[in-house]
Every structure is written in structure tokens, then in C-alpha cells.
Amino acid sequence: MVLWQLLLYTLSAWMYYSLLAIGFGFTLRSIKFFNFSYGGAFLVGSYMAFFLYRMLGINFFVSILCSFAISGLYLLLCYKFVFSILLRRKAKTLVSLIASFGLLAATSAGLGMLFGNQLSLAARKLSDIYTIDILGASLNIVQVLSITVTPVIIFFLAYLRRKTRFGVAMRAIEDDSEVAELVGISKEGTLMKIFFLSGMIGGFAGIIQALDLGNIPASGLLIMLPTVVASVVGGMWSFWGGILGAFILAVAQQLTVVFFGGDWIQAVPFAILIIILFIKPEGILKR
């Protein structure tokens with residue numbers, strides 16, 4: 001019974017980290033640097049859901065859908081008014097990295113001033129009330145939704161990437177943006193769509209965590225560590241690499257809790273990252 005419970009917890013964490021890694025990987029492969037403002041989209045999604053649902057009293061599902069759009073718009077605006085300018089000026093990667101970190105810090109501070117440091121959705125009550133028994137194991141409703149809904153989203157994104165015109169343009173920009181432009185692909189338009197999609201995915205992940213545990217302004221920075229680790233470990237240049245890295249991270253964290261306790265769980269991403277950088281710095285899966 002304990003093993004079954006552990007497997008379900010691991011599956012839930014795997015799906016959650018996979019979602020984060022996929023959204024982060026879209027911008028990483030397109031602009032070739034770690035975009036920490038993705039953590040800002042994570043925060044914007046959860047706090048906008050809190051604002052619309054808890055403070056304005058808008059229907060829950062309408063609030064969630066609006067929050068998706070707002071988090072996507074947030075990352076789109078980050079690209080339009082910051083990253084696109086840096087890309088046109090051919091700024092160094094370090095400059096773009098610092099700019100993305102600055103956007104995350106400013107977003108965290110702004111949300112903290114507007115909403116305070118309390119839990120953003122106060123929805124721990126939701127996960128406490130609605131629990132489901134699965135063959136003797138107990139999961140809250142948010143974990144169940146994560147296990148059931150996230151795979152659908154992942155396969156939809158895989159289809160979008162492989163079988164649509166936008167997906168072809170996305171992969172062309174990832175391979176070589178200059179050659180893509182030569183064959184008629186709009187680099188600017190494609191990147192805007194990529195950032196909007198990535199922001200929506202990050203916002204959805206933020207809502208999931210807010211519903212389960214709640215968020216604070218620092219959550220945007222804290223969540224970036226496991227996100228980066230999952231992407232690097234699995235392979236930064238591979239769509240499925242992020243999912244593989246998320247699986248390794250989820251298993252390692254759950255085993256750490258079992259054998260060493262929850263106090264060590266924050267050290268797991270660091271340990272995995274260091275090991276992979278020594279053994280295979282390009283990640284497990286190649287481009």
C-alpha cells in the first residue's frame with residue numbers, strides 16, 4: 001500500500017515537472033538562454049486566478065481561463081519590450097539572462113506589494129476537502145487532475161510541434177533562425193507565439209501549485225531550480241528530454257523523502273544537476 005501511494009505521488013510530481021520543463025524548453029531552444037521570466041508567468045497565472053476568483057468573485061473556470069491568457073500575455077510582453085530588443089542588438093547571452101532574472105524579480109516584488117506574502121489562492125482548503133481514494137491510496141483532487149489532464153496537454157503539445165505549420169516554424173527557429181527567415185518563416189511572429197504559449201503553460205503550472213499548496217511571491221524563483229534541472233538533465237534541446245528529466249527528478253525526490261525525510265528534498269535538484277554536468281553536460285537526450 002505504501003509503495004502504491006509512493007508511485008502515485010511520483011506520477012503526480014512527474015507530470016507537474018514535465019509541464020514546467022516543456023514550457024521552459026520552448027523559449028530556451030528558441031532564444032538560446034535560460035529565460036527566468038518564465039517564473040514570472042508561473043506567478044502571474046496563480047495570482048491572477050486568486051484576484052479574479054477570490055477577490056472579484058468571477059466564476060472559477062472563467063477565472064482559470066482568463067489567467068491562462070494573462071500569463072501568456074505577460075511573457076509575450078516580456079519578449080516584445082525586452083528580449084526582442086536585446087536580440088535585435090545581438091546582446092550577449094549573459095545580458096539577456098540578467099534581464100530575464102530582473103523581470104522575474106520585478107514581477108515577484110510587484111505581486112508581493114499588491115497582494116502581500118500570503119498564499120495566493122488559499123486553495124489548500126480545496127485539496128484538503130476533496131480527496132479521492134484510488135485502490136487504497138489517497139490523493140487530493142489537484143493531484144488527480146495533474147495525473148489525468150497533464151498527459152493530454154503534453155501529447156497535444158507534441159502534436160502541435162510535429163504536425164502543424166506553427167510547429168514546423170517553431171522547430172525551424174530552434175534549428176537556425178536566420179535560415180528559417182530565408183525560407184519565408186517569420187522569426188518575430190513565431191517567437192511571439194512561442195512566448196505566449198510558454199507563458200500559458202507556466203501560468204497553468206502556477207495555478208496547479210496554488211490550488212494544491214498555495215503560492216508566495218518567492219515561488220517564481222524557487223520553482224525555476226527544478227525546472228532548469230529537469231530541462232538540463234533530460235536534454236535542453238529535446239522536447240522529450242524535459243519529460244525524461246522531470247521523471248528522474250520526481251523519482252529522486254520521492255526516494256529522498258522516504259529514506260532521508262522531507263528536509264533534504266530541496267537539495268535533490270542540486271545533487272542531480274551536479275552529477276549530470278560531470279557525466280553528460282549536454283543532457284541525456286540529444287537534439
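Has region 238-255 got any residue that is assigned to a loop (DSSP other than H, G, I, E, B), buried (at least 18 other Cβ atoms within 10 Å of the Cβ) and at pLDDT 85 or above? Yes - at least one qualifying residue is present in region 238-255.
Hey, does region 74-89 have a residue that's over 22 Å from the mean Cα position of the chain (by Cα) and at pLDDT below 90? No, region 74-89 contains no residue that is over 22 Å from the mean Cα position of the chain (by Cα) and at pLDDT below 90.
Residue by residue, here is whether (1) over 12 Å from THR227 (Cβ atoms); (2) aromatic (Phe, Trp, Tyr); (3) in contact with a Gly (Cβ under 9 Å, 6 or more places away or on another chain) holds:
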residue	(1), (2), (3)
LEU8	yes, no, no
TYR16	no, yes, no
GLY23	no, no, yes
LYS32	yes, no, no
SER37	yes, no, yes
VAL44	yes, no, yes
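Restricting attention to region 58-73, the residues being without any contact (Cβ under 8 Å) to a residue 12 or more places away in the chain and within 19 Å of the chain's Cα centre (by Cα) number 1.
Being part of a helix (DSSP H, G or I), among the small types (Gly, Ala, Ser) and farther than 15 Å from PHE204 by Cβ is the requirement here; does SER63 meet it? Criteria not met by SER63.
With respect to being under 15 Å from PHE36 (Cβ atoms) and out of contact with any His (no Cβ under 8 Å at 6 or more places or on another chain), GLY199 fits the description.
Confirm whether ASP212 is touching a strand residue (DSSP E or B) at 6+ places or on another chain (Cβ under 9 Å) and not small (Gly, Ala, Ser). Taking the combined requirement at face value, the residue satisfies it. The sole residue among GLY184, GLY283 that is under 20 Å from the mean Cα position of the chain (by Cα), surrounded by fewer than 23 Cβ atoms within 10 Å (Cβ to Cβ) and outside any helix (DSSP H, G or I) is GLY283.
If you check PHE101, PHE50 for being modelled with pLDDT under 95 and part of a helix (DSSP H, G or I), only one passes: PHE50. The number of residues in region 143-179 being in a helix (DSSP H, G or I) and either closer than 14 Å to GLY23 by Cα or not aliphatic (A, V, I, L, M) (or both) comes to 25.
Pairs linking a residue in region 29-57 that is more than 30 Å from LYS187 (Cβ to Cβ) to a residue that is among the hydroxyl-bearing types (Ser, Thr, Tyr) and at pLDDT 95 or above, with Cβ atoms under 9 Å and 6 or more positions apart or on different chains, are SER46/SER71. Scanning region 88-103 for residues that are touching a helix residue (DSSP H, G or I) at 6+ places or on another chain (Cβ under 7 Å) and within 14 Å of THR27 (Cα to Cα) yields a count of 2. Just checking, does region 59-68 include any residue being of a type in the set (Gly, Ala, Ser) and under 17 Å from SER198 (Cα atoms)? Looking through region 59-68, at least one residue is of a type in the set (Gly, Ala, Ser) and under 17 Å from SER198 (Cα atoms). Scanning region 170-183 for residues that are touching a Ser or Thr at 6+ places or on another chain (Cβ under 9 Å) and under 15 Å from THR27 (Cβ atoms) turns up MET170, ILE173, GLU174, SER177. Scanning region 113-163 for residues that are at pLDDT 85 or above, farther than 25 Å from TRP4 by Cα and either more than 18 Å from the chain's Cα centre (by Cα) or among the β-branched types (Val, Ile, Thr) (or both) turns up MET113, LEU114, TYR159, ARG162, LYS163. The C-beta contact set for region 163-186 (first residue closer than 19 Å to LYS286 by Cβ and charged (D, E, K, R), second residue at pLDDT 90 or above and buried (at least 17 other Cβ atoms within 10 Å of the Cβ), distance under 8 angstrom, 6+ apart or interchain) comprises ARG171/ARG161; GLU174/ARG29; GLU174/SER30.
The values are calculated or read from the model by the stated rules, or taken from the named source; none is laboratory data. All values derive from a computational prediction rather than experimental measurement. FYI the Cβ positions are ideal-geometry reconstructions off the backbone, even for glycines, and counts take in every protein chain you see.
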